[in-house]
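The values are calculated or read from the model by the stated rules, or taken from the named source; none is laboratory data. Computed from a predicted structure; not experimentally measured. All Cβ positions, even for glycine, are placed from backbone atoms using ideal geometry, and neighbour counts span all protein chains on display.
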Amino acid sequence: MAEIIPILSERKFTEEEAETLLPTVKRITVQAALEAAKIEEQLRFIPREEPIFARLSGEMDLVVRRWAIKIKKLGLRPTALWIVDFDAGEGWFTWRLGDEHVSHFSAPSGELTASGSEKGLQE
């Protein structure tokens, strides 16, 4: 039976909980990134002054906005293009498109460490 994922709620994640939700985050992100890549490929060959350039740029913005909304609905924080933070209470676990696992922990001071290191949640 599939796990029910609560949406539109603020959540705090352990590293294990972040890893459990990661397949959903990956699916949403990969789908959006593929859509964006198709649009980007088209934009490469169109002069900026062409009306279709503006239309495609708008479509690209829409793809990114939809992705961010979906990520936020999961209780996560999109911090940059295809980068997602999982709130751990005392900092954030971060995942980037292309990573297999949640790979970093950022403390509120902005210090970024490898997930699971001594500077992780133990501080």
What's the number of the condition LYS12 fails, among (1) exposed (fewer than 13 other Cβ atoms within 10 Å of the Cβ); (2) closer than 30 Å to SER106 by Cβ; (3) modelled with pLDDT of 95 or more?
(3)
For VAL64, the lone unmet condition from (1) surrounded by 15 or more Cβ atoms within 10 Å (Cβ to Cβ); (2) closer than 21 Å to GLU10 by Cβ is (2)
Residues in segment 27-42 that are surrounded by fewer than 16 Cβ atoms within 10 Å (Cβ to Cβ) and among the aliphatic types (A, V, I, L, M): how many?
3
Cβ-Cβ distance below 8 Å, separation of 6 or more or different chains: which pairs start in segment 16-28 with a residue that is within 15 Å of LYS72 (Cα to Cα) and touching a residue at least 12 places away in the same chain (Cβ under 8 Å) and end on one that is part of a helix (DSSP H, G or I) and not hydrophobic (A, V, I, L, M, F, W, C)?
ILE28/LYS70
